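A short worksheet on the structure shown next.
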Amino acid sequence: MALIFKTADEQHRWFAVDDGVMGGVSQSTFSVNEGCGWFHGEVSLENGGGFASVRRQPDEFEVSLTRAAGIRLTVKGDGRAYQLRLKSRQLSDACAYRVIMTPPADEWQTLSFPWQAFDAIRRGSLLTDAPPLEADSITQLGFLIADRTAGPFCLGVQRLEPSDHL
């Protein structure tokens, strides 16, 4: 099962968690148009901020990941670094597993990540004592930008799917 962004209904499954939770003023949203998902907004470094993120409400997509060797996505960036983040029952709520990617600007690229490529983090710091990610523990996925650069950003997502061919 793949997430293919054909209807606006998919955008209602995503919600923003930006640095406003700690006093920052960055803003982001996730929208669907032209058959793609778009994570976009503006990062601000004011008030100690500097990150923006969106997360997706779980459904059968997360369940389909349990049988895969990893995850594959087709994305187009803006030259900035993004994180694909996975929430897991293995970690506390303030933690996640992440992989960092820098998709090229104005060019669609398909990236594949085995579960072993994901690092456990808590508020940007690596957790050296965390267990490796287990696919059947994934409860949520999302995207985050925290590259210490103020300004607008935009990450396009054409397709997101479980992958056995990594």
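The values are calculated or read from the model by the stated rules, or taken from the named source; none is laboratory data. Since this is a predicted model, take the numbers as computed values, not measurements. Virtual Cβ from ideal backbone geometry, glycine too; neighbours counted across all protein chains shown. Heavy atoms of the whole protein, side chains included, go into the accessibility calculation; ligands, DNA and RNA do not. Shrake-Rupley method; radii C 1.70, N 1.55, O 1.52, S 1.80 Å.
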Worksheet item: Pick from Val75, Val63, Val54: which residue has the top mean-square fluctuation in a GNM of the chain where Cα pairs under 10 Å get a spring?
Response: Val63
Worksheet item: With a ≥ b ≥ c the root eigenvalues of the C-alpha gyration tensor of the range 29-166, is it rounded (a/c under 1.5), prolate (a/b larger than b/c) or oblate?
Response: oblate
Response to the item:
Two pseudo-spin positions, 7 Å from Cα along C-beta at Thr102 and at Arg148, lie apart in nanometres by 1.4 nm
Discussion item. Given a 1.4 angstrom probe, I'd like the percentage of the accessible area of the chain that is carbon and sulfur, rounded to a whole number.
Written reply: 48 percent
Discussion item. What are the ³J(HN,Hα) couplings of the range 114-127, residue after residue, when phi is run through the Karplus curve with 6.51, -1.76, 1.60 and θ = phi - 60°? Round to Hz, x for glycine and proline.
Written reply: x, 4, 5, 7, 8, 9, 7, 9, 9, 6, x, 9, 5, 9
Worksheet item: In whole Hz, what ³J(HN,Hα) sequence does the range 45-61 give by Karplus (6.51, -1.76, 1.60; θ = phi - 60°), x for Gly and Pro?
Response: 9, 5, 6, x, x, x, 9, 9, 8, 10, 10, 10, 4, x, 7, 5, 4
Fill in: Inter-centroid distance (Cα atoms) of the range 32-72 relative to the range 1-28, Å
6 Å
Worksheet entry | Options Ser64, Val25, Trp38, ranked by Cα towards positive dipole end of the range 1-132, top entry (Cβ charges) | Ser64
Worksheet item: Just from its helices, what would the mean residue ellipticity at 222 nm be for the chain, if runs of 4 or more DSSP H residues each count -39500 (n - 2.57) and the sum is divided by every residue, rounded to the nearest 500 deg cm²/dmol?
Response: -500 deg cm²/dmol
Worksheet item: What GluC sites (Glu not before Pro) does the range 52-141 have in DSSP loop regions with at most 12 other beta carbons within 10 Å?
Response: Glu107
Practice prompt. State the extension gain, in nm to one decimal, for the chain segment bounded by Leu111 and Ser64, taking 0.36 nm per residue of separation less the distance between their alpha-carbons.
Written response: 15.1 nm
Fill in: Estimated vicinal HN-Hα couplings, Hz - the range 144-150 in sequence order (Karplus 6.51, -1.76, 1.60; Gly, Pro = x)
9, 10, 8, 9, 6, 10, 6
Worksheet item: From the square roots a ≥ b ≥ c of the eigenvalues of the alpha-carbon gyration tensor of the range 14-109, which class results: rounded (a/c under 1.5), prolate (a/b over b/c), or oblate?
Response: oblate
Discussion item. Suppose every Lys and Arg Cβ carries +1 and every Asp and Glu Cβ carries -1, with no other charges. What dipole size does the range 29-162 come out with about its Cα centre, to the nearest 20 debye?
Written reply: 200 debye
Worksheet item: What relative contact order, as a whole-number percentage, does the chain give when Cα pairs under 8 Å and 6 or more residues apart are counted?
Response: 32 percent
Worksheet item: Mind checking which of Ala150, Ala96, Ala16 has the largest fluctuation in a GNM of the chain, springs on alpha carbons under 10 Å?
Response: Ala150
Item to complete: With a 1.4 Å probe and every protein chain left in place, work out the accessible area per residue of the chain in Å², rounded to a whole number.
Response: 49 Å²
